[in-house]
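The next block holds one structure in the form of structure tokens; read it before the comments.
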Amino acid sequence: MIDILIIAVLLVAAILLLLTELFFIPGISLAGLAAAACLIYANIYAFVHLGAMGGWITLAISAVTVVASLIIFMKSKMLDRIALNSSIDSQIDRSAEESLRVGDEGITTTRLALIGYADFDGKIVEVKSTGEFIDAKTPIVVHRIVDGIILVEPA
């Protein structure tokens, strides 16, 4: 009787740890390793102490309970309660970038180690060098604008 209790406790612990691993601590962590260890040990314990028939029954029960607990947990409303449902509806102010055209001249305010900031008629915008490093306070010209990225080169 105590053998069945030990196996049951190990299986319950394995299922709880597995659900914790899958839904709350993603990745391979201590909870996942402990769940695998409990599940394996419960089945080995069953084969050693209950014999072959008891071991196979325990293995079948283990497989069914793990799959069933995953299905039940995913279909339950508990995930809906802990899930993040808000959406981000804010946008970046791109008015300064939209006013720039190819050929506009400005001056870098930071060093462009490919990406930095530049001043175009008092408007500070993020720019990207066409491939070379450009020091701060260097005159630049807009080479092209692609997908909101302003590519510049030294004037």
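Each reported figure results from applying straightforward, stated rules to the coordinates on display, with no laboratory input. It should be emphasised that the depicted structure is a prediction, and the values quoted were computed from it without experimental measurement. All Cβ positions, glycine included, derive from the backbone under ideal geometry; neighbour counts span all protein chains shown.
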task: Starting with the fewest neighbours, write out M74, M1 ranked by other beta-carbon atoms found within 10 Å of each beta-carbon.
output: M1, M74
- prompt: With axes computed from alpha carbons, what is the tilt in degrees of helix 2-23 against the longest principal axis of the chain, rounded to the nearest 10 within 0 to 90?
  reply: 10
- prompt: Can you give the angle from 0 to 90° between the axis of helix 30-75 and the longest principal axis of the chain, with both taken from C-alpha atoms, to the nearest 10?
  reply: 30
Gaussian network model of the chain, springs between alpha carbon atoms under 10 Å - residue of A113, A35, A46 with greatest fluctuation: A113
statement: With the charge dipole of the chain built from beta-carbon charges (+1 for Lys and Arg, -1 for Asp and Glu) about the Cα centre, the Cα from M74, A155, T110 projecting farthest to the positive end belongs to M74
- prompt: What is the set of long-range amide H partners of V127 at a cut-off below 5 Å, with H atoms built 1.01 Å from backbone N?
  reply: G116, Y117, A118
task: Would you please give the residues with an amide H less than 5 Å from that of I140, counting only those at least 5 places away or on a separate chain, with H modeled from the backbone geometry?
output: G106, I107, T108, A155
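Is it possible to state the helix-based mean residue ellipticity at 222 nm for the chain, with each DSSP H run of 4+ residues giving -39500 (n - 2.57), the sum divided by total residues, to the nearest 500 deg cm²/dmol? What is it?
Estimated from H runs of four or more residues: -17000 deg cm²/dmol.
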query: Given springs between every Cα pair under 10 Å in a Gaussian network model of the chain, which of I115, I61, I44 has the largest fluctuation?
result: I115
- request: Report P(r) for region 1-106: all Cα-Cα distances, bin width 10 Å, range 0 to the bin holding the largest distance, values in whole percent.
  value: 13, 30, 20, 10, 8, 8, 6, 4, 1
- request: Only loop residues by DSSP count here, and only those with at most 14 other Cβ atoms within 10 Å; note down the GluC sites (Glu not before Pro) in region 64-126 that meet that.
  value: none
- request: Would you work out the charge dipole size for region 34-155 about its Cα centre, treating the Cβ of every Lys and Arg as +1 and the Cβ of every Asp and Glu as -1, and quote it to the nearest 20 debye?
  value: 880
statement: Within region 67-155, DSSP-loop trypsin sites (Lys or Arg not before Pro) with at most 11 other C-beta atoms within 10 Å are K77, R94, R101, K137
query: Ranked by Cβ crowding within 10 angstrom, fewest neighbours first, how are D147, D119, D135 ordered?
result: D147, D135, D119
